[in-house]
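A quick write-up on the structure given underneath.
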Amino acid sequence: MTIEVSSLRKEFSSPSGTITAVDGIDFSIDEGDFFTFVGPSGCGKTTTLRCIAGLETPTSGSIRFDGEDMTGKPAHKRNLAMMFQNIALYPHMKVKENISYPLKVRNVPKQERYENAEEAADIMQIRELLEKYPGELSGGQQQRAALARTIVHEPEAFLMDEPLSDLDAKLKVEIRKEIQRVHDRVEKPTIYVTHDQEEAMTMSDRIAVFNDGGIEQIGTPDELYQRPTNRFVANFIGNPSMNFFDGTVDRASGETVVVSVDGRDVELRVVDSTAVGVGDEVTVGVRPEDVRLDRNDGDLEGEITLIERIGKQMLATIEGPQGEVRVTLPADNAYEKGEVIRLSIETRATHLFDSGSNDVVTRGPDV
Amino acid sequence: MSIRNDIGQKWSSVKQRTVDKPWNPLTHLSHQGRSRGWNLLLNALLVLLLFVVIFPIFWMVSTALRPTDMIYNVPQTLLPQAFSVENFVNTFEGTNFPTYFTNSMILSVGVVGVTTSMSTLAGYGLTRIDIPHKKTFARIILFGYMFPQILLAIPMFIFWSRIGLINSHLGLILAVTATALPFGIWLMWKFFQNVPISLEESAQMAGASPFRAFYEIALPMAKPGVIAVAIFSYATAWGAYTIPRIIMPTSENWPLTVGIHMFTIQKQTLWGEVMAASVMMVIPAFIFVFALQKYLLEGFEVGGQM
């Protein structure tokens, strides 16, 4: 099934007036896509999902499944499956009744639906829990049961509303794998909502980055990481996040742009220098792995205020006149907190944003 | 160091108490090592209270089981000197007890049925549908519950007589329902607030219609509330006196409460019949509450697992 959303708009009325949660968004999802909505809380991603689910009625715009208009169709007639943040297993039913509930509403005989529940439970490796009540299960087991419930009736698409946000880090990884396994098995579109960009980056075929009721950019994880179209996406995607320096264009010719950052000239290689003009206010974006530290040599200067371990590498935070800069370092570096140090930017790996619109204007050849 | 430890222990004991169990004045006092005198005093108070509650019931049963001619003996003994079912036979054969009993049953079944179903639907609607001024509505409902019944009964008599509901079972059921409904609605409202809406949404995503999601998911989860409302409305109906006294003028329509009272204000007070009828009146109430109590507790267990 394909899902097509066009000009979707959703307003809520509140005592203090109308709130626009989603404002005119468009996208389409192909058969078998793992499509993720990512963005900060309150950006409209869950509202959009709920419109697709049929749990909310859009104020305007349309939702089509395989070309057929579903906008006004109630949730129970859309043949979708949804996982909720709070798991939403029915506490008064045994696990097997929970898993087979979608079949019960489809009037499948008891015997047959329990057999199907057993199959789904086998896939999720929770067969021994079928006779228990949800309250007797651990968090991870509950998620497995909820996942089993989504696959039992062969839905046209899977909708997942932050299903992992209440789990601890280890369980998250485990259930994440299960979700992907289910997705690969059924080859139906999955829409996954999360505020965690890392989750989005590791699981998705394509990602829509939401902000303030709209979509900032849609693309594959690589596209979003390497070619963000605006500063919001550049900042949101990637951890530790990108550094930004405000500056003014001094010179622009050929493949070179010279930006004056806090009175110091920084020379950058870009793919298209005609996109900027002398005197333009720009923001230079550079990822923490593309900044070099040196005790003597570099364009910018600052003091190391923090060194912390992030997995295999270390992350140094440097305070200077140009603002705070995050730099990744190998674990065996010799730098110490409190040192005054010089910084240089990897000139071929920067993104240049217009300081007014925050849209990207050009970028280095090696981003 | 010892001071720190001391404080730490006190803190942890306070924390434990607040986290583990509700605060109970009796255990609290004994845990804190108050004097034995306190405990004795409290226990004495409890025995006294228990006596005040239990003795009338005991006396009721004891009197009902005496032969009629021994009821007025002075001095009276605590336990009957001879047992007899004479009073019960007289109540059945010599009074309108069977009629009153039937009337009370009709009233109770009607009130329990109407109150439980209406409270459930109203409570559900209040939590699931966006109704303007919901809070004001709730306050007004509870305010209505605070009125003394006699204040409601008089205007009700006027209305009911205009629309021909005086002396009718339907009229009485509606009138008593009106006194039980506010609390019922309020209780169900609170219960449905604790049923997460995502459970019904999840059922709808599974393919259930909104009504089915209510019926199969929300309603079973609010079952302890439904049963609490049933018990409460039964108690209201079975014990209703003021309203039936006023809007059921004819004696063949009286429920037990009014009927038994009338035993005492005829030419003489038929204490034997009053007590026997009272005992028989208590039995259905006891059975009803006892039967439902099991489900009430079961419901709380399920709720506790959420």
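The values are calculated or read from the model by the stated rules, or taken from the named source; none is laboratory data. A quick note: this is a predicted structure, and the numbers were derived from the prediction, not measured. All Cβ positions, glycine included, derive from the backbone under ideal geometry; neighbour counts span all protein chains shown. What goes into the accessible areas is simple: the full protein's heavy atoms, side chains included, and nothing from ligands, DNA or RNA. Shrake-Rupley method; radii C 1.70, N 1.55, O 1.52, S 1.80 Å.
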Can you list the lysines whose alpha carbon is less than 26 Å from that of A:LYS94, not counting same-chain residues fewer than 8 positions off?
A:LYS77, A:LYS104, A:LYS110, A:LYS132, A:LYS172, A:LYS177, B:LYS190, B:LYS223, B:LYS294
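Antiparallel as a % of all DSSP beta bridges within chain A, to the nearest 5?
The antiparallel fraction comes to roughly 80 percent.
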How many Cβ atoms of partner chains, on average, are near each residue of A:143-150 if near means within 10 Å of its Cβ?
1
Could you check the spin-label model distance between B:LEU45 and A:ARG185? Points 7 Å from the Cα along Cα→Cβ, value in nm.
6.3 nm
Over the Cα atoms, compute the radius of gyration (one decimal) and Dmax (the largest Cα-Cα distance, rounded to a whole number) for the stretch A:64-210, in Å.
15.2, 44
In whole Å, what three semi-axes, largest first, describe the equivalent ellipsoid of chain B built from its Cα gyration tensor (square root of 5 times each eigenvalue)?
41, 35, 18
Give the span of the stretch B:227-292's Cα atoms along each principal axis, as three whole-Å numbers ordered largest to smallest.
42, 27, 15
Only loop residues by DSSP count here, and only those with at most 16 other Cβ atoms within 10 Å; note down the chymotrypsin sites (Phe, Trp or Tyr not before Pro) in the stretch B:47-112 that meet that.
B:TYR72, B:PHE83
Using helices alone, what [θ] at 222 nm do you get for chain A, with -39,500 (n - 2.57) per DSSP H run of 4 or more residues, divided over all residues and rounded to the nearest 500?
-6500 deg cm²/dmol
How much FRET efficiency would the formula 1/(1 + (r/R0)^6) give for B:ILE197 and A:THR18, where r is the Cβ-Cβ distance and R0 is 22 Å, rounded to 0.05?
0.50
Relative contact order, percent, chain B [alpha-carbon distance under 8 Å, six or more residues apart]
25 percent
Expressed in nm to one decimal, what extension gain is obtained for the pair A:ASP272 and A:SER357 from 0.36 nm per residue of sequence separation less their Cα-Cα distance?
28.8 nm
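Report, in debye and to the nearest 20, how large the dipole of the stretch B:91-305 comes out about its Cα centre when Lys and Arg carry +1 and Asp and Glu carry -1 on their Cβ.
500 debye
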I want to check the label-to-label distance for A:ASP246 and A:ASN107. Put each point 7 Å from Cα in the C-beta direction and report it in nm to one decimal.
6.7 nm
Based on the Cα coordinates of chain A, what is the per residue volume of their convex hull in Å³?
176 Å³
Using a Förster radius of 25 Å, what is the FRET efficiency between A:GLU31 and A:THR59 based on their Cβ-Cβ separation? Nearest 0.05, please.
0.30
Give the accessible surface of chain A per residue, rounded to a whole number of Å², with probe radius 1.4 Å and ligands, DNA and RNA excluded.
43 Å²
Based on the Cα coordinates of the stretch A:317-367, what is the per residue volume of their convex hull in Å³?
108 Å³
Report the extension gain between A:GLN313 and A:ASP69 in nm, rounded to one decimal, defined as 0.36 nm multiplied by the number of residues separating them, less their alpha carbon distance.
82.8 nm
When Lys and Arg each count +1 and Asp and Glu each count -1, what net charge do the other residues less than 13 Å away from A:ARG287, Cβ to Cβ, add up to?
+1
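Which translational diffusion coefficient, to the nearest whole µm²/s, is obtained for the protein assembly as shown from the Stokes-Einstein equation, given a Kirkwood hydrodynamic radius over C-alpha pairs, 20 °C and 1.002 mPa s?
67 µm²/s
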Reduction of at least 20 Å² in accessible surface, 1.4 Å probe, comparing all protein chains with the chain by itself, residues of the stretch B:212-231:
B:ARG212, B:GLU216, B:ILE217, B:PRO220, B:MET221
Nitroxide proxy distance, nm - points 7 Å out along Cα→Cβ at A:LYS132 and A:GLU301
6.3 nm
Among the DSSP H helices of chain B, those whose Cα atoms extend at least 30 Å along the helix axis and whose mean Kyte-Doolittle hydropathy is -1.0 or higher are B:36-64, B:97-128, B:169-193, B:271-305
Quantify, in whole percent, the carbon and sulfur part of the accessible surface of the stretch B:128-246 (1.4 Å probe; protein heavy atoms only).
71 percent
Chains B and A, summed buried accessible surface - 1.4 Å probe, Å², nearest 100
2000 Å²
Calculated FRET efficiency, B:ARG162 and B:ILE131, Cβ-Cβ r, R0 35 Å, to nearest 0.05?
0.70
Dividing the Cα convex hull volume of the stretch A:243-363 by residue count, how many Å³ per residue is that?
99 Å³
